[in-house]
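See below for the structure under consideration.
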Amino acid sequence: MTKLSAIKSPRRAADSITVSDVEVTTETAGTARRRRSSSVGRGMVSSVLAGVLVAGGLFGWAATSRDGAEDLSSEQVSADVAVPQAAINSAEKSFSDREQAASRGAVRSNLTEAVAGEAAKDRDAVLETSVEEATKSIAAGSAAEREAQMAEDMQLVEKQAAKLKKEAEEAARRLEEARKAAAAAAAAKTAAGSSDAPSQGNEAAIEVSAEDLAAISSSGGSMPLKSNFRVGARFGATGSWSRYHTGQDFPAPIGTPIYAVASGIILSPTAGGWAGTNVVIQHANGGATLYAHMSKRVASTGQAVKAGQLIGYVGVSGRSFGPHLHMEYYAPGVTPGKVYSASNPITFMRGLGINI
């Protein structure tokens, strides 16, 4: 029985054993696989968890660092903690020294400015005094120079006096003849009005030029300038002249026309350099007028002119302080150009009916 059982159940036994072995093997293998699977699963989970933990740690560190930075930037680290007390003391002392130095510098700056201001005042006072002295010196020198120049001019006028006297005498003769001729012509006209036949004797008596007749026949006077002028320095004024002003000034632009104040005969211009380009007119009353500082003269010596006739243009020739006409009047018998013997031209002009 036993044998039979043994025989009968060998397969079972074998199978049992085999199965058992197999099961054992299988179980072992399965367990191994399961263990390996579990190990792999746990490894993966561990890796993932480790990664998560690492990432979390990194994010946590970053957040902590950021929070710490924000805390530092917003709250700042206490000076007592971040800076040693010795450094604080040193800084305070340094700032104190700087404040004292700045204060001393400000004081020095103020003192420097005050001293500079006083020095500037002293310099200004000295400069003002120097300018005043220089001005007085220049004025005195200029006056002396003008007087010397005028003295030289008077010597030239004195040398010219004989010539001008002769010309004046000739002019007076011509004017007298013209006056007589005009009177004769008027008488002849009157006679002709009472008779049909002209008077040959009266016609023969007229031996002067038409210019002379025109000059002597015109009456009254004319302003020497008729536009763009003003009345300037008058006769007898003192100031920038060597002694006093010897005529009447009419400031006007250069090129302003100048006219004869009264009828007469043109004489030679004065030799005095002070007058520059000038015209001298001998009048019928025996006196003469002088027109100085012209830019150009258009009347020639010996020419007869009538009142209001163009004789030249305003300029700055000679010793002039600016463009203007300087007019002088010389009474009968006085040589034109002897400035300190001249008379007031306004008086002469008013005698001609010129209101000025």
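Against the conditions (1) modelled with pLDDT under 80; (2) surrounded by fewer than 12 Cβ atoms within 10 Å (Cβ to Cβ), ALA151 satisfies every one except (1). Somewhere in the range 267-274, is a residue under 22 Å from SER219 (Cα atoms) and aliphatic (A, V, I, L, M)? There is at least one residue in the range 267-274 that is under 22 Å from SER219 (Cα atoms) and aliphatic (A, V, I, L, M). Against the test of being buried (at least 19 other Cβ atoms within 10 Å of the Cβ), aromatic (Phe, Trp, Tyr), modelled with pLDDT of 95 or more and within 12 Å of MET327 (Cβ to Cβ), the options PHE250, PHE235 yield a single qualifying residue, PHE250. Yes or no: the range 318-328 includes at least one residue that is of a type in the set (A, V, I, L, M), under 17 Å from GLY236 (Cα atoms) and either at pLDDT 95 or above or assigned to a loop (DSSP other than H, G, I, E, B) (or both). Yes, the conditions are met somewhere in the range 318-328. Of the listed requirements (1) over 34 Å from the mean Cα position of the chain (by Cα); (2) assigned to a loop (DSSP other than H, G, I, E, B), ASP212 misses just one: (2).
Condition check ((1) surrounded by fewer than 19 Cβ atoms within 10 Å (Cβ to Cβ); (2) closer than 23 Å to GLU145 by Cα; (3) in the same structural domain as ALA171 (by TED's automatic domain parsing); (4) without any contact (Cβ under 8 Å) to a residue 60 or more places away in the chain) across all residues:
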{"residue": "GLN282", "(1), (2), (3), (4)": "no, no, yes, no"}
{"residue": "THR289", "(1), (2), (3), (4)": "no, no, yes, yes"}
{"residue": "LEU310", "(1), (2), (3), (4)": "yes, no, yes, yes"}
{"residue": "VAL314", "(1), (2), (3), (4)": "no, no, yes, no"}
{"residue": "GLY318", "(1), (2), (3), (4)": "yes, yes, yes, yes"}
{"residue": "PRO332", "(1), (2), (3), (4)": "yes, no, yes, yes"}
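The values are calculated or read from the model by the stated rules, or taken from the named source; none is laboratory data. Just so it is clear, the model here is predicted, and its values are computed rather than measured. Positions of Cβ are generated from backbone atoms using ideal geometry, with glycine treated the same way; all protein chains shown enter the neighbour counts.
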